[in-house]
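*Asks:* The following block contains the structure, expressed as structure tokens.
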Amino acid sequence: MFSDYIKKLYFYRQQVIEQLVYYGIPLNTGNIEKRLANIDASIAIYTHTNIQNDMTFDAEDYAKRLREIMKDLEIIYEIIYDEILSNLDQTKRRVKASMRDILIRSERTLLKAKIEAGTALDGKNVVSITKDFDLYQTNEYLNVDIGAFDVPGGTRLALFVESDETNNEDIQLTLVHDGITTIMSPYESNNHNLLQVGASTSTSYTCLVDEGLQVENVAYLRYESNLDDAHKYEVFSQQNKFRMMHQDGTVSYVDITKDFDEVVGSHVKIYVKDATFIRAYFANEPSNKNFIGNSIDNPKALEVLEFSYAEDAVNVSKSFHIETDGKLFGQQQEGLVDETGLYVADAQGEYEYYVVETSSGASSACEGLLKIKDGNASKLKGVFIRAIGVN
């Protein structure tokens, strides 16, 4: 029911009540509804008046018609005002969500820039040595005993070494954790040498969109658990569909059970979650794919299948079939957390989402030995191992 219709019904109802009181007719629902039933509230209160040259001017009727016109204008004004307020509120929420997303993205860009400059990481130092190095020399290597330290399970570590006239390729860290010995190189912008230590813990949820908080493509999710900024939230959607990026750069999501033709020159991506096996059958082998053969027998918790056909592969079938006991999705994105809740910045009109929350596991004890080829103790300025968020 339109807002103007409701407002006019209210106006007519007040008029009917005044008439019933004036004529002494009992005020009850039946009497009021009976008279309202004969009124068409879908048209303006003031309709028209036929005036002829020989008619006598009726001041009372003129005032009545003027009041009707004023009431119509009043209703129009109220509707416009309500609409402006509603749009203003939506705009404010949209701007707030956009600004929040811009802020998060800018902070991450800044951190990435600092990482690439070798000055900071999105995390904290678990090892920070700038003086009193525990040094000893063996053959051509300068050895720095890092000592023991603990990190939460699932944490990723990055190594930074500040030393004059020393190349990163001449530096390596031997790190022992959980009975495993790993060789680690310093972090570089073009070679993200990150080491995950221990195991994280993950919990999965199916969440619905909180429709009252949805603004354009930004959608908040009805998340029942307590949110934690330190946790990682992966959000999957477009279930049982695959993502197809077309030649013109547009993206569509296609039901994985349907036949299709437009794969030539396009890029297909499928997210497979929590599978113990994955098998892919193609009517004709794709020109490019990111996996060998047609099966992944020991898949990771998340496998991303990608493939495409060459532009000249026109007269061949592009049909394929995926067999797996995992969940298939066409879209994955990072869940963002603010004071309102958990949200995604690219909702794509989806109503249901599969959320994987990852947090730190049991702490792992680590012990490290840094080796610098042809190192000079006087040139060494600092050794830093930084813990990034869980993975």
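*Asks:* Give, as residue ranges, the strands (runs of 3 or more DSSP E) completely inside region 162-215 that count at least 2 residues that are at pLDDT 80 or above, over 20 Å from residue 233 (Cβ atoms) and open to solvent by 60 Å² or more (accessible area, probe 1.4 Å).
*Replies:* The strands (runs of 3 or more DSSP E) meeting that bar are 171-177, 180-184.
*Asks:* Determine, yes or no, whether residue 128 is surrounded by fewer than 16 Cβ atoms within 10 Å (Cβ to Cβ) and modelled with pLDDT of 85 or more.
*Replies:* no
*Asks:* Go through the residues of region 229-251 one by one and say whether even a single one is of a type in the set (Gly, Ala, Ser), under 15 Å from residue 356 (Cβ atoms) and surrounded by fewer than 17 Cβ atoms within 10 Å (Cβ to Cβ).
*Replies:* Scanning region 229-251 turns up no residue that is of a type in the set (Gly, Ala, Ser), under 15 Å from residue 356 (Cβ atoms) and surrounded by fewer than 17 Cβ atoms within 10 Å (Cβ to Cβ).
*Asks:* Could you pull out the residue among 362, 347 that is closer than 28 Å to residue 327 by Cα and open to solvent by 20 Å² or more (accessible area, probe 1.4 Å)?
*Replies:* Matching residue, one of 362, 347: 362.
*Asks:* Which of (1) surrounded by 17 or more Cβ atoms within 10 Å (Cβ to Cβ); (2) closer than 22 Å to residue 209 by Cβ is the odd one out, the single condition residue 340 does not satisfy?
*Replies:* Of everything listed in (1) surrounded by 17 or more Cβ atoms within 10 Å (Cβ to Cβ); (2) closer than 22 Å to residue 209 by Cβ, residue 340 misses just condition (1).
*Asks:* Let me ask something additional. Would region 306-319 turn up any residue that is modelled with pLDDT of 80 or more, under 30 Å from residue 197 (Cα atoms), in contact with a helix residue (DSSP H, G or I) (Cβ under 9 Å, 6 or more places away or on another chain) and part of a strand (DSSP E or B)? Working first, answer last.
*Replies:* Step one: filter region 306-319 for residues modelled with pLDDT of 80 or more, giving 306-308.
If we keep only those that are under 30 Å from residue 197 (Cα atoms) as well, we get 306.
Retained after the next criterion (residues that are in contact with a helix residue (DSSP H, G or I) (Cβ under 9 Å, 6 or more places away or on another chain)): none.
No, the conditions are met nowhere in region 306-319.
*Asks:* Mind listing just one residue for me: the one in region 253-301 that is of a type in the set (Ser, Thr, Tyr) and at pLDDT 85 or above and, of those, least open to solvent (accessible area, probe 1.4 Å)?
*Replies:* Filtering first and then ranking leaves 271.
*Asks:* Something else: Working only within region 31-75, note down all residues that are modelled with pLDDT of 75 or more and over 54 Å from the mean Cα position of the chain (by Cα).
*Replies:* 56, 59, 60, 61, 62, 63, 64, 65, 66
*Asks:* Could you check residue 17 against (1) out of contact with any Leu (no Cβ under 9 Å at 6 or more places or on another chain); (2) surrounded by 13 or more Cβ atoms within 10 Å (Cβ to Cβ); (3) modelled with pLDDT of 75 or more; (4) not aromatic (Phe, Trp, Tyr) and say which number it fails?
*Replies:* Among (1) out of contact with any Leu (no Cβ under 9 Å at 6 or more places or on another chain); (2) surrounded by 13 or more Cβ atoms within 10 Å (Cβ to Cβ); (3) modelled with pLDDT of 75 or more; (4) not aromatic (Phe, Trp, Tyr), residue 17 violates only (1).
The values are calculated or read from the model by the stated rules, or taken from the named source; none is laboratory data. Everything numeric here is computed off the predicted structure, so don't read it as measured data. FYI the Cβ positions are ideal-geometry reconstructions off the backbone, even for glycines, and counts take in every protein chain you see. With ligands, DNA and RNA removed, areas are computed over all heavy atoms of the protein, side chains included. Shrake-Rupley method; radii C 1.70, N 1.55, O 1.52, S 1.80 Å.
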